[in-house]
Amino acid sequence: MTRVLLVSGSVRDGSTNTAVLRTVREIAPPGVEAVLFDGILGLPHFNPDDDAEGAQVPDAVAQMRTEMRAADALLICTPEYAGAMPAVLKNLLEWTIGDASTYRKPVAWINASSPAAPTGGADAHESLEKVLRYAHADIVGDACIRIELTRGQVGESGLVEDEAARQAVAQALARLVAHVSRR
């Protein structure tokens, strides 16, 4: 069983990025356990003093780190805000540095943005890649994708209904899982 931790960089209600990850969880094939991390808002602001060697980290951080270590891979779906990844996602990633929970962990990302998005999330991906490289994550480039998605393509169930988007997401997940299997 391959366990993939799903992390949304968006905390807004009706987020298309979170809908993508719910869809990943729904369409994950047998042998893949896709787990949606829902504790990003509970993480305190990163402070290196709170992450000093031997210090007990806040409970929310300890729980996130436990989930991160239990995962064979990480799949992030994030929008772009102000030309970079959202602050809540950067905060989560900063908390992974102290225990090296992303060190050599296979990671991919998906950006779901509207066709009107000027850069299509490229700046978010650039900042995300920079942080993940610093953390020595194993970035699985062929599983990192951008899909055009509007809120209208997300059903009342909170899942992506657009078949082309669902197939693209399924392929990204398959590439990430294949990478894990080859390791």
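Read-outs throughout are calculated quantities, based only on the coordinates presented, and are distinct from any laboratory measurement. Note that the structure is predicted; figures quoted are calculated from it, not measured. For neighbour counting, all protein chains shown are included, and Cβ atoms are generated from backbone atoms with ideal geometry for every residue, glycine included.
By how many degrees, between 0 and 90 and to the nearest 10, does the Cα long axis of helix 122-134 differ from the longest principal axis of the chain?
Approximately 30 degrees, to the nearest ten.
If the viscosity is 1.306 mPa s and the temperature 10 °C, what Stokes-Einstein diffusion coefficient in µm²/s follows for the range 55-112 when Rh is the Kirkwood radius over Cα pairs?
Reported coefficient: 129 µm²/s.
Working from Cα positions, state the angle (0 to 90°, nearest 10) between the long axis of helix 87-97 and the longest principal axis of the chain.
The answer is roughly 50 degrees.
Remind me, relative contact order of the chain in percent, using alpha carbon pairs under 8 angstrom and six or more residues apart?
Here the relative contact order equals 26 percent.
Along Cα→Cβ, 7 Å out, is where each label goes; now give me the distance between the ones at residue 122 and residue 60 in nm to one decimal.
Distance between label points: 3.4 nm.
Would you calculate the separation in nanometres between label points at residue 82 and residue 159, each defined as 7 Å from the Cα along the Cα-to-beta-carbon direction?
Calculated label separation equals 3.6 nm.
Where does the charge balance sit around residue 7 when Lys and Arg score +1, Asp and Glu -1, over other residues with C-beta under 11 Å from its C-beta?
Value of the local net charge: -2.
With +1 on the Cβ of every Lys and Arg and -1 on the Cβ of every Asp and Glu, and nothing else charged, how large is the dipole of the chain about its Cα centre, in debye rounded to the nearest 20?
In total the dipole reaches around 500 debye.
Note the full-extension length gain between residue 181 and residue 45 as 0.36 nm times their separation in residues minus their Cα-Cα distance, in nm to one decimal.
Taking 0.36 nm per residue and subtracting the Cα distance, the gain is 45.5 nm.
If I take all pairs of Cα atoms in the range 1-136, what percentage of them are more than 26 Å from each other?
Cα-Cα pairs in the range 1-136 separated by more than 26 Å: 20 percent.
Run through the DSSP bridge list for the range 1-116 and note the antiparallel percent, rounded to the nearest 5.
5 percent
Could you tell me the convex hull volume per residue, in Å³, taken over the Cα atoms of the range 4-66?
89 Å³
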